Amino acid sequence: MAGARLKITMLTAMVALSAGAAQGADYPQPLPPPPQPIYVQPPQQEFTENWYLRGYVGVGMNGKYDLDYQTTTGATLQSSSFSDTNFVGAAVGYEWNNWLRFDVSGEYRSKSRVYAFVTYPPSGIDEYQGNIKSWVFLANAFVDLGTWNCFTPYVGAGIGGSYNSLVDFTDVNPTGGFGFGRNPSEWHTAWALYAGVGYNISKTLKVDLTYRYLNYGSITDTVDCSVTCTHDTFNFGKLYSHDFMIGLRWTCCEVAPTPRYVYAPPPPPPPLQSKG
């Protein structure tokens with residue numbers, strides 16, 4: 001009798017275990033952990049992305065030059081003047097980072113009238129007048145001082161050369177003498193200091209308002225006189241100008257900023273399956 005009860009108890013336990021196993025097979029099996037996300041370093045930006053073109057026009061207020069007048073007649077320079085000028089130029093540059101940029105510029109400065117009034121004993125007078133024009137080429141560096149409400153103040157400096165010409169230089173003497181200059185052209189060192197502000201019209205286009213102090217060398221001419229006058233030499237030295245200009249700066253080849261890392265999502269998990 002006891003043996004029969006033992007057999008029944010064992011049979012009941014086996015049936016219960018089988019039912020539990022069958023019921024457990026209906027639940028999804030645990031899934032393997034998903035693969036870790038992959039982070040990929042984006043490609044480096046190309047060198048050409050920060051190049052820009054700059055065009056500008058302006059007015060130059062010429063300062064008082066040093067005039068060295070040489071003559072053999074004992075004449076005395078009484079007065080001289082130098083009119084203002086206009087100029088137009090263009091530049092190509094590169095933005096090194098958010099605050100430092102470099103460019104190379106070239107500009108043409110239109111004719112500025114020069115005038116000199118000379119007296120000589122006993123009562124003679126001479127009037128000299130002509131025009132100075134120049135080409136100026138500069139390598140410039142600018143420091144941008146931060147941006148506030150689309151405005152970016154900056155300072156800069158430039159160094160290069162100027163090609164100065166003195167044309168149509170003449171001597172007129174009321175008593176009948178006259179003479180003509182030799183239309184010389186000379187290369188000289190030029191340098192400049194800048195202060196200005198840029199305004200962001202768009203991500204690629206800016207307008208610049210700039211003040212510049214420009215020192216652009218000198219020019220010398222000799223007047224070959226006729227009738228009653230002699231050869232006189234004029235050296236217009238230490239030419240400088242206070243320039244006010246407006247320009248447009250276009251940044252070419254700009255691309256959208258790339259994220260620091262590119263995220264590659266893991267593959268989707270397999271569909272749930274049941275066993276039964």
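Being among the charged types (D, E, K, R) and surrounded by fewer than 17 Cβ atoms within 10 Å (Cβ to Cβ) is the filter; apply it to region 112-139 and report the residue that is nearest to G55 (Cα to Cα). Outline the logic, then answer.
Taking region 112-139 as the starting set, the residues that turn out to be among the charged types (D, E, K, R) are 113, 126-127, 133.
From the residues that got through so far, the ones that are surrounded by fewer than 17 Cβ atoms within 10 Å (Cβ to Cβ) too are 113, 127.
Details: R113: 26, E127: 39 Å.
Step by step, filter region 112-139, then rank; the result is R113.
Please tell me if V172 is among the β-branched types (V, I, T) and surrounded by 17 or more Cβ atoms within 10 Å (Cβ to Cβ). Taking the combined requirement at face value, the residue does not satisfy it.
Suppose we keep only residues that are β-branched (V, I, T) and either outside any strand (DSSP E or B) or within 30 Å of L67 (Cα to Cα) (or both) within region 90-129. Which one would you say is nearest to the chain's Cα centre (by Cα)? Quick ask: steps written out before the conclusion?
Step one: filter region 90-129 for residues β-branched (V, I, T), giving 92, 104, 114, 118-119, 125.
Of the ones still in play, those that are also either outside any strand (DSSP E or B) or within 30 Å of L67 (Cα to Cα) (or both) are 114, 118-119, 125.
On the way: V114: 33, V118: 45, T119: 49, I125: 50 Å.
The extreme case among them is V114.
Can you run down the residue pairs with Cβ atoms below 7 Å, 6 or more apart or on separate chains, where the first is in region 170-186 and touching a residue at least 60 places away in the same chain (Cβ under 8 Å) and the partner is surrounded by fewer than 16 Cβ atoms within 10 Å (Cβ to Cβ) and in a strand (DSSP E or B)? Close Cβ pairs satisfying both conditions: D171/F178.
Residue-level check: of (1) within 30 Å of T175 (Cβ to Cβ); (2) at pLDDT 95 or above; (3) charged (D, E, K, R), E186 misses just (1).
The condition of being out of contact with any strand residue (DSSP E or B) (no Cβ under 9 Å at 6 or more places or on another chain), of a type outside the set (D, E, K, R) and under 24 Å from T251 (Cα atoms) holds for W148.
Residues considered: G60, G161. Of these, the only one that is within 25 Å of the chain's Cα centre (by Cα), farther than 20 Å from I246 by Cα and surrounded by 13 or more Cβ atoms within 10 Å (Cβ to Cβ) is G161. Of all residues in region 194-241, those satisfying the criterion of being of a type in the set (G, A, S) and part of a strand (DSSP E or B) are A195, G196, G198, S226, G237, S241.
The values are calculated or read from the model by the stated rules, or taken from the named source; none is laboratory data. Everything quoted here is computed from the prediction, not taken from an experiment. All Cβ positions, glycine included, derive from the backbone under ideal geometry; neighbour counts span all protein chains shown.
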